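Have a look at the structure below, then the notes.
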Amino acid sequence: MTFSKPPAYSKIFEGHDKASEMAEYARVLHAATVKDLKERSLLTPLRLLTADRYVRAVVEYEFSYSEAVKVGPVHRTADGTEYANQNWYGLLKLNAQIERFEKELMISPRAAGDKPVKAQRKKSSPADEFLDDAVFDGVKD
């Protein structure tokens, strides 16, 4: 398997209304994802396949989201009947799949093991010392 040639996204998305926009977005996202995996020495043939599936899912999500949000989770007809918006719930499942791909590719901060950066405290003031020693609601911190 070669790492240099991205999938033919123009053919993959050719049935969509915005096929050229989707294909361009997919090419850019694929290149960025592969570059990130290479920089972190994580690129393998299996991760490359997962990256392709990740890119397809993200593109579908990004281009379908605006339509699903217009209707919301419940579709109401003119006579007042309510139906579940299948596009809305499909996006929820797609979002969950994207999160799994991110975890598999170690893209998300949690999957990559990133920890929040603690803010650097300035010099302590008398008020800080008081608050550090203060007792709130009967529980000392």
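The values are calculated or read from the model by the stated rules, or taken from the named source; none is laboratory data. Not measured: the values here are computed from a predicted model. With ideal geometry, Cβ positions are generated from the backbone for all residues, glycine too; neighbour counts draw on all protein chains shown. Only protein heavy atoms, including side chains, enter the accessible area calculation; ligands, DNA and RNA are left aside. Shrake-Rupley method; radii C 1.70, N 1.55, O 1.52, S 1.80 Å.
Listed values, structure above:
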item	result
Cα gyration tensor shape of the stretch 1-40, rounded if a/c is under 1.5, else prolate or oblate by comparing a/b with b/c	oblate
Area of R56 that stays accessible when all protein chains are in place (1.4 Å probe, Å², to 10)	90 Å²
Local electrostatic count, V59, Cβ distance below 12 Å [Lys/Arg +1, Asp/Glu -1]	-1
Heavy-atom surface of the stretch 10-68, accessible at 1.4 Å and reported per residue (Å²)	60 Å²
Distant-in-sequence amide H partners of H75 (H built 1.01 Å from N, under 5 Å)	Y83, A84, N85
